[in-house]
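Note sheet for the following structure.
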Amino acid sequence: MTRKEFLLMSTAAAAGGAALANAQQTSAPQPNPDLGFKDTPMEPGMPWHVHDPDRPHPKVVTPAATLGGAPSDAIVLFDGKDLSKWYHRGRGANRDAQVNAGWKVENGCFEITRGFGDLLTREKFGDIQLHVEWASPAAVTGTSQGRGNSGVLVMARYEIQVLDMWDNPTYADGGAGAIYGQWPPLVTPARRPGEWNTYDIVFEAPQFEGEKLVKPAFFTVFYNGVLAHNRKESMGPMVYRQVAHYTPHPAEDSLMLQDHNSNPVRYRNIWIRRLAGYDRPEK
Ligand code: MG
């Protein structure tokens with residue numbers, strides 16, 4: 001249903017109710033109980049009554065026709081066709097340059113390809129909901145952190161690990177779904193090598209005032225639909241063999257997919273939503 005259809009339906013219902021009320025009483029217009037109440041208590045600390053008819057209605061979003069598909073308000077970062085929304089960093093003195101994405105796109109997915117480095121989005125984000133699908137190679141090679149290693153790095157810093165977990169012992173805080181180096185996932189609902197996995201990630205960006213951290217980052221992660229992190233606080237950007245700690249950075253930054261020694265991990269169906277708070281004004 002579009003927002004217009006939704007509003008028309010609401011208005012029609014309201015008109016019916018109002019006609020009935022007017023037939024019974026012709027004095028001051030009565031609040032329509034179908035649309036809310038003004039004689040109810042105030043919500044604590046809010047400008048709204050309980051069931052307030054004037055409280056802004058949430059934006060209507062059309063969900064995807066298929067499971068795991070992008071809803072109408074998502075930014076589709078990869079739709080199976082091209083990597084135009086992504087880039088690689090330049091090398092050496094040209095590190096700030098945006099080099100067109102070179103990873104191989106084929107059969108509706110793309111694969112980490114040697115020689116390009118990490119992949120970053122041209123658009124930058126802060127608080128987000130993210131859907132990513134990934135598959136480690138069907139042909140198994142390597143052990144531990146050398147087997148199907150990649151990673152989803154939100155703000156190009158905060159990593160949810162990607163790794164082949166099938167019969168592949170490694171340290172707990174480095175397994176698939178881990179907030180790398182900090183928190184193992186609550187459980188490991190891994191699929192076999194070559195099969196597709198999903199990550200649905202909600203990320204709250206850290207907030208800084210000058211040099212000072214005033215709010216840390218939080219991750220909520222569903223791994224193949226199973227809860228792996230429940231608003232877990234991040235200790236800081238991903239580091240290897242060190243304790244993570246925060247240093248100030250911009251409020252928005254690129255989403256990054258890691259090239260870890262060019263393990264040929266595949267990705268598909270990537271979409272992202274910018275998150276906004278409750279009670280946004282209706283447009
Ligand atoms: Mg990794």
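The values are calculated or read from the model by the stated rules, or taken from the named source; none is laboratory data. Keep in mind it's a predicted model, so treat the numbers as computed, not measured. Glycine gets a Cβ as well: all are built from the backbone with ideal geometry, and neighbour counts include every protein chain shown. Accessible surface areas use protein heavy atoms only, side chains included; no ligands, DNA or RNA. Shrake-Rupley method; radii C 1.70, N 1.55, O 1.52, S 1.80 Å.
Structure notes:
- Screening the candidates V60, V76 for the property of being in a loop (DSSP other than H, G, I, E, B) and touching a residue at least 24 places away in the same chain (Cβ under 8 Å) yields one hit, V60.
- In the stretch 243-283, the residues that are open to solvent by 80 Å² or more (accessible area, probe 1.4 Å) and of a type in the set (D, E): E252, E282
- Taking the stretch 188-201 as the range and being open to solvent by 40 Å² or more (accessible area, probe 1.4 Å) and under 20 Å from the mean Cα position of the chain (by Cα) as the test, the residues that pass are T188, W196, D200.
- Failed item in (1) open to solvent by less than 10 Å² (accessible area, probe 1.4 Å); (2) touching a residue at least 40 places away in the same chain (Cβ under 8 Å); (3) closer than 30 Å to D73 by Cβ, with Q161 passing the rest: (2)
- Residue count for the stretch 202-225, restricted to those that are more than 12 Å from T247 (Cα to Cα) and open to solvent by 60 Å² or more (accessible area, probe 1.4 Å): 1.
- Residues of the stretch 143-166 satisfying the condition of being under 18 Å from the mean Cα position of the chain (by Cα), more than 10 Å from the ligand (Cβ to nearest atom) and not aromatic (F, W, Y): V154, M155, A156, R157
- When G90 is tested against (1) open to solvent by less than 30 Å² (accessible area, probe 1.4 Å); (2) of a type outside the set (S, T, Y); (3) closer than 24 Å to G177 by Cα, exactly one condition is not met: (3).
- Residue pairs meeting the criteria (Cβ under 7 Å; at least 6 apart or on separate chains; first closer than 18 Å to R241 by Cα, in the stretch 167-195; second within 14 Å of the ligand (Cβ to nearest atom) and open to solvent by 70 Å² or more (accessible area, probe 1.4 Å)): G181/Y240
- Taken over the stretch 156-165, the criterion of being touching a Gly at 6+ places or on another chain (Cβ under 9 Å) and in a loop (DSSP other than H, G, I, E, B) is satisfied by R157, L163, D164, M165.
- Only one of the numbered conditions (1) free of Cβ contacts under 8 Å to residues at least 24 places away in the same chain; (2) within 16 Å of the ligand (Cβ to nearest atom) is not met by R95, and that is (2).
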